[in-house]
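Trainee: The structure is given below, and queries will be raised subsequently.
The values are calculated or read from the model by the stated rules, or taken from the named source; none is laboratory data. Note that the structure is a prediction, hence the values are computed from the model and not measured. Counting neighbours? That spans all protein chains shown, and the Cβs are built from the backbone with ideal geometry, glycine included. Areas reflect the complete protein model, heavy atoms only, side chains present, ligands, DNA and RNA absent. Shrake-Rupley method; radii C 1.70, N 1.55, O 1.52, S 1.80 Å.
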Amino acid sequence: MPAIISLPLRTVSEANAHQHWRARARRTKAQRAATQMLIWVARRGEDPFGARLDRDGHAEIRLTRVAPRGLDSDNLAGALKAVRDGVADALGVNDGDPRITWLYGQRQGGVREYLVEVTIT
């Protein structure tokens, strides 16, 4: 059974965000830390990565962005980079670990509805 964790985060296309580098760095740091903390709280200290490993030692993590407007695939991956790093931090692994397959998705939300769903299988 997959673990689904909803994170109340508003992600933006980093490639199209015309901001000062400090503002961008502040947002990235906040998203990464919030993701890590929310994963820990949602799992109540359990190790979701170890619990979700299949026989070959692999896990699949899907990051689904929910927002009123969609992004194209390369902007979607960029918008979710800080979330991906935060999930990897919470799981105690590098985000480039070959045991993890990262998948990205998005769906349209309502007006002012922003969140990221993390599904670990």
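Trainee: When only residues in region 1-18 that are surrounded by fewer than 16 Cβ atoms within 10 Å (Cβ to Cβ) and farther than 20 Å from K81 by Cβ count, which is modelled with the highest pLDDT? Steps first, please.
Mentor: As a first pass, look at region 1-18 and keep what is surrounded by fewer than 16 Cβ atoms within 10 Å (Cβ to Cβ): 1-2, 4, 6, 8, 10, 13, 15-18.
Then drop every residue that is not farther than 20 Å from K81 by Cβ, which leaves 1-2, 4.
Details: M1: 69, P2: 79, I4: 86.
The extreme case among them is I4.
Trainee: Please work out if W21 is open to solvent by 80 Å² or more (accessible area, probe 1.4 Å) and modelled with pLDDT under 90. Explain how you work it out, then say what you get.
Mentor: Numbers: open to solvent by 80 Å² or more (accessible area, probe 1.4 Å): yes; modelled with pLDDT under 90: no.
Taking the combined requirement at face value, the residue does not satisfy it.
Trainee: I would also like to ask the following. Filter region 4-33 down to the residues that are in a loop (DSSP other than H, G, I, E, B) and in contact (Cβ under 8 Å) with a residue 60 or more places away in the chain and list them by number.
Mentor: Our first condition is that a residue be in a loop (DSSP other than H, G, I, E, B); within region 4-33, this holds for 8-20.
Selection gives P8, L9, R10, T11, V12, S13, E14, A15.
Trainee: For region 76-99, name all the residues that are open to solvent by 60 Å² or more (accessible area, probe 1.4 Å) and among the basic types (K, R).
Mentor: From region 76-99, those open to solvent by 60 Å² or more (accessible area, probe 1.4 Å) are 81, 92, 94, 98-99; that's our starting set.
Of everything in region 76-99, those that are open to solvent by 60 Å² or more (accessible area, probe 1.4 Å) and among the basic types (K, R) turn out to be K81, R99.
Trainee: Restricting to region 70-89, name every residue that is in a loop (DSSP other than H, G, I, E, B) and modelled with pLDDT of 95 or more. Outline the logic, then answer.
Mentor: At the first step, the residues of region 70-89 found to be in a loop (DSSP other than H, G, I, E, B) are 70-72, 80.
L80 - this is the single residue of region 70-89 that is in a loop (DSSP other than H, G, I, E, B) and modelled with pLDDT of 95 or more.
Trainee: State all residues of region 24-53 that are open to solvent by 80 Å² or more (accessible area, probe 1.4 Å) and at pLDDT below 85; if no residue qualifies, say none.
Mentor: W40, V41, R44, E46, D47
Trainee: Right, here's the next one. Counting just the residues of region 100-117 that are within 17 Å of H58 (Cβ to Cβ) and surrounded by 13 or more Cβ atoms within 10 Å (Cβ to Cβ), which one comes out farthest from the chain's Cα centre (by Cα)? Please lay out each step first, then the result.
Mentor: Going residue by residue through region 100-117, those that are within 17 Å of H58 (Cβ to Cβ) are 100-103.
Next, only the ones that are surrounded by 13 or more Cβ atoms within 10 Å (Cβ to Cβ) stay: 100, 102.
Working: I100: 13, W102: 10 Å.
If we take residues in region 100-117 being within 17 Å of H58 (Cβ to Cβ) and surrounded by 13 or more Cβ atoms within 10 Å (Cβ to Cβ), then I100 is farthest from the chain's Cα centre (by Cα).
Trainee: Between a first residue in region 63-77 that is among the basic types (K, R) and a second residue that is assigned to a helix (DSSP H, G or I), which pairs have beta carbons less than 8 Å apart while being 6 or more apart in sequence or on different chains?
Mentor: Pairs found: R65/L76; R65/A79.
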